[in-house]
Amino acid sequence: MWTHNGSRQTGKLLDEVVRSAESLGAGEILVNSIDNDGQMTGYDLTLAKRLRELTSLPMTVLGGAGSLDDIRRLIETCGVVGAAAGSLFVFKGPYRAVLINYLGPALKEDLIRRLAPAPVEQP
């Protein structure tokens, strides 16, 4: 585990940090894969899955989103409450030009609808 923008190693393992945060009353866990941050190559799903195994707290994952499919895979894998995606909405094209862009309401609703669990039929 690292702090201070990845410049200081804590010497602690992820499970130690999560247990400590829970015991101190944390209401949510936020984890950033600093190796993936800004790379737009996909989230670190191994890290996200491990975090989900360690806690039932709501969690937000960041670092690596390059497409809506990356967000979908993260949510399907972990059921996260938050999927940060800064570079996805800012950098565009092969030259990574700055163009701030957000999902329109129809695309956002379509993504949510595709991720929603199917309703359970009552006998």
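Here, each number is a calculation from the coordinates, and none is a lab measurement. The structure displayed is predicted, hence computed values, not measured ones. Quick reminder, even Gly has a Cβ in these numbers, built from the backbone with ideal geometry, and neighbours come from all protein chains shown.
Between the amide H of residue 30 and those of 60, distances stay under 5 Å, these residues lying 5 or more places away or on another chain, with hydrogens modeled in the peptide plane.
Excluding residue 110 itself, what net charge comes from residues whose Cβ is under 15 Å from its Cβ, given Lys and Arg +1 and Asp and Glu -1? Walk me through the numbers before you get to the answer.
Numbers: positive: 72, 108, 113, 114; negative: 69, 109.
Residues near residue 110 contribute +2 overall.
The three principal axes of the Cα atoms in region 9-86 give end-to-end lengths of 35, 26, 19 Å, sorted in falling order. Note on residue 53 and residue 3: the model spin-label points, each 7 Å out from Cα along the C-beta direction, lie 2.6 nm apart.
Between the DSSP loop rule and a limit of at most 15 other Cβ atoms within 10 Å, which trypsin sites (Lys or Arg not before Pro) in region 1-45 are left? Kindly include the intermediate steps, with their values, before the conclusion.
Values: sites: 8, 12, 19; in loops: 12.
In loop regions of region 1-45 (DSSP not H, G, I, E or B), the sparsely surrounded trypsin sites (Lys or Arg not before Pro) are 12.
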